[in-house]
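The values are calculated or read from the model by the stated rules, or taken from the named source; none is laboratory data. Model, not experiment: these values are computed from the prediction. Glycine also receives a Cβ, built like all others from the backbone with ideal geometry; neighbour counts cover every protein chain displayed. For accessibility, only protein heavy atoms count, side chains too; no ligands or nucleic acids. Shrake-Rupley method; radii C 1.70, N 1.55, O 1.52, S 1.80 Å.
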Amino acid sequence: MKENPALISAMTASISEVLETMFFMPLEFSEDAQFEDWWTGTPENVLVTRLTFNGPFSGTFYFFIPEELGRSLAANFMGEDEDAVKENHVTDTVKEIANMIVGGTFAKWDAKAVFDLGIPENTTFGEAEKHHGASENKVFIGITTLDDTLAAEMIMNS
């Protein structure tokens, strides 16, 4: 993996801005976390959002969040009880979080750079795992909250 301190700093700042500021989640970051061992649950219990991008560099961003935490964030975002939140509300909220993180990351990395962001979409842990293994040019950040573990990964095209 190529070291990219500016991108790592921009990603952590953007993640913090979105999750700590908008959702009042205390976070701790681990740049030393490894994709292979950060998630201890079953792959079916984690929501994965993928967002492609093109610009000064191109690639794919993945955001990983436990399903229960996604439901809680969606309820808070919508001002509803968790029982009233439907699955599409959860996935739409997680996609919007990913979109805000990526947009914020690139604005912080270089405010003058122009990136074309794709439409966030749901994907599977297995698909993200395959993409992770196929690239050496990536930034993976493990994120810990009070009760949960999340992650973000940016994989740059070769």
- Are there any pairs with C-beta distances below 9 angstrom linking a residue in segment 85-109 that is open to solvent by less than 50 Å² (accessible area, probe 1.4 Å) and in a helix (DSSP H, G or I) to a residue that is of a type in the set (Lys, Arg) and modelled with pLDDT of 95 or more, with the two at least 6 apart or on different chains, and if so which? ALA98/ARG50
- Check on LYS130, within 16 Å of PHE23 (Cα to Cα) and basic (Lys, Arg): no
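When segment 130-147 is examined, which residues are found to be among the charged types (D, E, K, R) and either more than 14 Å from the chain's Cα centre (by Cα) or open to solvent by less than 20 Å² (accessible area, probe 1.4 Å) (or both)?
LYS130, GLU136, ASP147
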- Message: With the requirement that a residue be under 19 Å from GLY142 (Cβ atoms), of a type outside the set (S, T, N, Q) and at pLDDT 95 or above, what does segment 72-115 give you?
- Response: VAL94, ILE97, ALA98, ILE101, VAL102, GLY104
- Within segment 29-39, restricting to residues that are among the charged types (D, E, K, R) and part of a helix (DSSP H, G or I), the one that is least open to solvent (accessible area, probe 1.4 Å) is ASP37
- Taking the residues in segment 40-71 that are outside any loop (DSSP other than H, G, I, E, B) and surrounded by fewer than 18 Cβ atoms within 10 Å (Cβ to Cβ) as candidates, determine which candidate is modelled with the lowest pLDDT. PRO43
- Select, from LEU150, LEU117, the only residue that is open to solvent by 30 Å² or more (accessible area, probe 1.4 Å), within 21 Å of LEU19 (Cβ to Cβ) and in contact with a strand residue (DSSP E or B) (Cβ under 7 Å, 6 or more places away or on another chain). LEU117
